[in-house]
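The values are calculated or read from the model by the stated rules, or taken from the named source; none is laboratory data. Worth saying up front: this structure is predicted, and the values here are computed from it rather than measured. Note: ideal-geometry Cβ built from the backbone for every residue, glycine included; neighbour counts use all protein chains shown.
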Amino acid sequence: MSERKVIDARGSFCPGPLMELIAALKLMQVGDEVEILSTDQGTAKDVPEWAAKVGHETVDSGEKDDHWFVVVRKAK
Amino acid sequence: MSKKVLIVGGGLAGTIVANGLCRHIAPQMRKGEISITMIGTTDTHMYQPGLLYVPFGKIREHELFRPQRKVLDKRVIFHIDPATNIDVENQKVTCKSGAVHEYDYLVIATGSRIMPQNIPGMEEGGHWFYDLDGARKLRTALDTFEGGKIVVNVNAPHKCPVAPLEITFMLKEYLQGKGLWNKTEITYTYPIGRLHALEPVAEWAKPAMDKDGIKYETFFNTKEVDPDAKTISSEEGVTLNYDLLVTIPPHNGAPVIMDSGLGDGGWVPTNKTKLLREGSTNVFVCGDTTNIPISKAGSTAHFEADTVIDNLASILTEGRWARDYDGKVFCFVETGMNTGTYVWFNYTTPPNPGAPSQMIHWFKLAYNRLYWLSARGLL
């Protein structure tokens, strides 16, 4: 069972959720999952698009209370 | 029994904390009730933002350095002896010499470093300006550059988030001045889908690049560099040719953080308002070392350090918490050789950069000197 890391990027203007995700994935093993929390609605669209582009898997995404979340599994 | 404050790291964050704390707890230090010790890795303090000017010959190298001992308040006990292990359970730090320092309160400010070796071919094929040796080599490369394709390549994570834009616009004006701009093509690459992490900065940069004829490639996360073929390729499947590659390499934190099991990549999990290490009540983390999703920048280190000073001083003298960190960041942005702007934001206030002006550029040049007052905790 791989571990799931959570990045709380709510209220982060710089470097922002996707940059945090990219940096985190570099430190993770293939199969590990990371959940990114964001108050930027664009994250729900940008992160899955980018993950698909580079070949990572979006496991889950949606809106919860006052923020959006996306779970990505490192695939390579 | 006197209380011991130990600061690991002699960069901007650690130095401001040391100097500021000395002033706040001067009476207690005079009476021998509290001591402040710093463990550093070098006897010199470098003004890192000044490296931006080195490739263009716009700053003398000696202006970047001061002896760390002279920057530090004389009441700070200073050891040049790199930390090799930080043991937060037993409240002690071991150094390269074998010396062991116990503490009551610890401030971890070990900073970040470039890791071009993390990307195949980048060390051999790239130039950078994030350390002095790299900045000197880039200066030499620019001296002999006669036109061609320049790629300015940005990787995550990295510190000083506006520096990639600054070097791009400064390169353009530098090459114009040498009469080489009409023989040069610059392509700027960025890891996410716009030209800067800060949306308003990206919105300003795009038309500015369009106006100058600077090309850009977004969603570009570097996979490898081929120094022989002079190409750089991305995880997203794009390959660019270059004659000169100016890269902002990915960063890691200090090895001692990883070696001590305090955080992946050298970033310490840190409460974003308390600036305490997660799980600790007597370990503060300051500057680039935190894993807080915020800009790794000198101003961040400065504002965090001010918060740590207030809280440590209050805890030591009054037994109470003083205030939380609000996420404040302030960055000057050089928009060319003669103009600049600035951006500030915090956890609740979005950034809103103003129009570039020569006045703000002059402020930035002035700050290049005033920095030493910041490091001394006076500004």
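Can you give me the number of residues within segment A:6-39 that are outside any loop (DSSP other than H, G, I, E, B) and surrounded by fewer than 16 Cβ atoms within 10 Å (Cβ to Cβ)?
Residues that pass the stated criteria total 1.
Going through B:Pro55, B:Pro82 one at a time, which residue ends up being crowded, with 24+ Cβ neighbours inside 10 Å and outside the structural domain of B:Ala141 (by TED's automatic domain parsing)?
Criteria check complete, one pass: B:Pro55.
Would you be able to say whether some residue in segment B:22-37 is in contact with a strand residue (DSSP E or B) (Cβ under 7 Å, 6 or more places away or on another chain) and within 30 Å of B:Pro164 (Cα to Cα)?
no
Any chance segment A:55-74 includes a residue that's part of a loop (DSSP other than H, G, I, E, B) and closer than 14 Å to A:Lys5 by Cα?
yes
So, in segment B:208-232, how many residues would count as being surrounded by fewer than 18 Cβ atoms within 10 Å (Cβ to Cβ) and farther than 24 Å from B:Ser295 by Cα?
12
So, in segment B:340-368, exactly how many residues are touching an Asp or Glu at 6+ places or on another chain (Cβ under 8 Å) and part of a helix (DSSP H, G or I)?
3
For segment B:303-333, give me the residue count where each residue is in contact with a Pro (Cβ under 9 Å, 6 or more places away or on another chain) and assigned to a strand (DSSP E or B).
Looking only at that region, the number is 4.
With the requirement that a residue be over 23 Å from B:Thr239 (Cα atoms) and of a type in the set (D, E, K, R), what does segment B:176-190 give you?
Hit for segment B:176-190 is B:Lys178, nothing else.
Quick check on this structure: which one of B:Thr94, B:Thr84, B:Thr42 is without any contact (Cβ under 8 Å) to a residue 40 or more places away in the chain and in contact with a strand residue (DSSP E or B) (Cβ under 6 Å, 6 or more places away or on another chain)?
Result: B:Thr94 is the single residue among B:Thr94, B:Thr84, B:Thr42 that is without any contact (Cβ under 8 Å) to a residue 40 or more places away in the chain and in contact with a strand residue (DSSP E or B) (Cβ under 6 Å, 6 or more places away or on another chain).
Name the residue that is modelled with the lowest pLDDT, counting only residues in segment B:268-302 that are in a loop (DSSP other than H, G, I, E, B) and of a type in the set (S, T, N, Q).
Among them, the one singled out is B:Ser295.
Give the residues of segment B:213-264 that are closer than 23 Å to B:Tyr130 by Cα, away from chain A (no Cβ under 14 Å) and among the small types (Gly, Ala, Ser), sorted by residue number.
Of everything in segment B:213-264, just one residue is closer than 23 Å to B:Tyr130 by Cα, away from chain A (no Cβ under 14 Å) and among the small types (Gly, Ala, Ser), namely B:Ala254.
Yes or no: segment B:244-251 includes at least one residue that is without any contact (Cβ under 8 Å) to a residue 12 or more places away in the chain, in contact with a strand residue (DSSP E or B) (Cβ under 7 Å, 6 or more places away or on another chain) and not assigned by TED's automatic domain parsing to the domain that holds B:Lys96.
The answer is no, given that none of the residues of segment B:244-251 is without any contact (Cβ under 8 Å) to a residue 12 or more places away in the chain, in contact with a strand residue (DSSP E or B) (Cβ under 7 Å, 6 or more places away or on another chain) and not assigned by TED's automatic domain parsing to the domain that holds B:Lys96.
Could you check segment B:270-300 and list, in sequence order, the residues that are surrounded by 23 or more Cβ atoms within 10 Å (Cβ to Cβ) and among the hydroxyl-bearing types (Ser, Thr, Tyr)?
B:Thr270, B:Thr289, B:Thr290, B:Ser295, B:Thr300, listed by residue number.
How many of the residues in segment B:59-78 are among the basic types (Lys, Arg) and in contact (Cβ under 8 Å) with a residue 60 or more places away in the chain?
Selection size over segment B:59-78: 1.
What number of residues within segment A:51-67 are within 14 Å of chain B (Cβ to nearest Cβ) and within 10 Å of the chain's Cα centre (by Cα)?
1
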